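So the structure is just underneath, and the comments pick up after that.
The values are calculated or read from the model by the stated rules, or taken from the named source; none is laboratory data. All values reported here derive from a predicted model rather than from experimental measurement. Virtual Cβ from ideal backbone geometry, glycine too; neighbours counted across all protein chains shown. Ligands, DNA and RNA are stripped out before the accessible areas are found, and what is left, the full protein with its side chains, is counted by its heavy atoms. Shrake-Rupley method; radii C 1.70, N 1.55, O 1.52, S 1.80 Å.
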Amino acid sequence: MAWDIKLRARGAQGRHREAADEALALRVHSAQVYGENNIRTLNAGSDRVQHLTHLGDFQLAERECRELIERHGRDDLLWLAVTNALVGSLIGLGRHDEAEAAARIAGSALLFGECRWLADQFR
């Protein structure tokens, strides 16, 4: 828990390189302790891709986003956060049509599909 707070503080301070590196270390540690598919491990990966996108490391962020989505699926807030980073990475890579398609899938899931419960929280 303290490690997670430290990551968020680094990001808020604009220290995204440190936060991305620490998120990787946290992900590795969490995978060893809890398993690769545990929500703690996946959340550390989600935090990492957000920081990589802020850093402009779009290719690495895209690759890690796709790995997280494949591993976790697409039915909750974590998936939406990872998809947000994926969309930003695709835009950064100049692949706007792919970014729009990913954003539309996320928006559709949020409004009509797997994540509708989340959209209902804001109505």
Checklist entry - Out of all the residues in segment 83-99, which are modelled with pLDDT of 95 or more, assigned to a helix (DSSP H, G or I) and open to solvent by 20 Å² or more (accessible area, probe 1.4 Å)? => result V87, G88, I91, G92, H96, D97, E98
Checklist outcome for this item: I105: passes all of (1) at pLDDT below 90; (2) out of contact with any Ser or Thr (no Cβ under 8 Å at 6 or more places or on another chain); (3) among the aliphatic types (A, V, I, L, M); (4) open to solvent by 30 Å² or more (accessible area, probe 1.4 Å) but (2)
Checklist outcome for this item: Residue hits (segment 64-88; more than 12 Å from R48 (Cα to Cα) and without any contact (Cβ under 8 Å) to a residue 24 or more places away in the chain) are R66, E67, I69, E70, G73, T83, V87
Checklist entry - Quick check, is A19 crowded, with 23+ Cβ neighbours inside 10 Å and not polar (S, T, N, Q)? => result yes
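Return yes or no: is L60 under 29 Å from G107 (Cα atoms), modelled with pLDDT of 95 or more and open to solvent by less than 20 Å² (accessible area, probe 1.4 Å)?
No: the conditions fail for L60.
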